[in-house]
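Peer 1: Attaching a single structure in structure tokens format; questions to follow.
Read-outs: derived from the displayed coordinates by stated rules, not from any lab. Just so it is clear, the model here is predicted, and its values are computed rather than measured. Here Cβ is always computed from backbone atoms with ideal geometry, including for glycine, and neighbour counts include all displayed protein chains.
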Amino acid sequence: MSLPFRAGAFDVVLLLSALEFVPDPAGAHADAQRVACSDGRVIAVIPRRLWWADRLFEFLAGVNPEADFNGGRERVQVALADVEAPPPERELRPRWLPPAAAPYELVVIDRARQELVAS
């Protein structure tokens with residue numbers, strides 16, 4: 001939850017399918033923003049909740065994906081909704097899939113845009 005790096009240490013911080021597994025995704029995301037430099041970016045790749053994909057996963061693996069995520073996908077959405085202005089850029093991934101089939105979302109927070117709006 002607390003990264004062992006100084007504030008502004010990185011140009012880019014990548015959170016690849018990690019936020020949904022931590023108990024406090026808002027805190028983890030805030031710390032990722034802390035270690036990103038003022039003109040850097042925080043990029044998160046998060047899973048989307050797709051009913052058909054959840055059922056297929058459960059059928060193939062014999063495990064309900066919500067048991068793995070323990071409500072984490074919902075916690076991540078709530079945490080990202082609270083990001084200060086401007087809102088993060090969001091894109092479904094992979095791009096070539098229709099929205100109903102894209103299993104991931106790419107969320108980009110541009111720290112320079114945040115600083116501009118804050119001033």
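Peer 1: Report the label-to-label distance for Glu58 and Ser2 in nanometres (one decimal), using points 7 Å from each Cα along the Cα→Cβ vector.
Peer 2: With each label point 7 Å from Cα toward Cβ, the separation is 3.9 nm.
Peer 1: Compute the long axis of helix 72-81 from its Cα atoms, compare it with the longest principal axis of the Cα atoms of the chain, and write down the angle in degrees, 0 to 90, nearest 10.
Peer 2: Approximately 40 degrees, to the nearest 10.
Peer 1: In whole Å, what is the distance between the alpha-carbon centres of the range 70-107 and the range 1-50?
Peer 2: The distance from the Cα centre of the range 70-107 to that of the range 1-50 comes to 14 Å.
Peer 1: Calculate, in nm to one decimal, what Ala67 and Arg34 gain on full extension: separation in residues at 0.36 nm each, minus their alpha carbon distance.
Peer 2: Extra length available between Ala67 and Arg34 comes to 8.8 nm.
Peer 1: Tabulate in residue order the Karplus-calculated ³J(HN,Hα) for the range 22-29, using 6.51 cos²θ - 1.76 cosθ + 1.60 with θ = phi - 60°, rounded to whole Hz; enter x for Gly and Pro.
Peer 2: Ordered by residue, 3J(HN,Hα) equals 9, x, 10, x, 5, x, 5, 5 Hz.
Peer 1: Using the alpha-carbon atoms, what tilt in degrees (0 to 90, nearest 10) does helix 51-61 show relative to the longest principal axis of the chain?
Peer 2: Relative to the chain, helix 51-61 is tipped by roughly 70 degrees.
Peer 1: Any idea which of Met1, Ser38, Ala100 is furthest toward the positive side of the dipole for the chain, if Lys and Arg beta-carbons carry +1 and Asp and Glu beta-carbons -1?
Peer 2: Ala100
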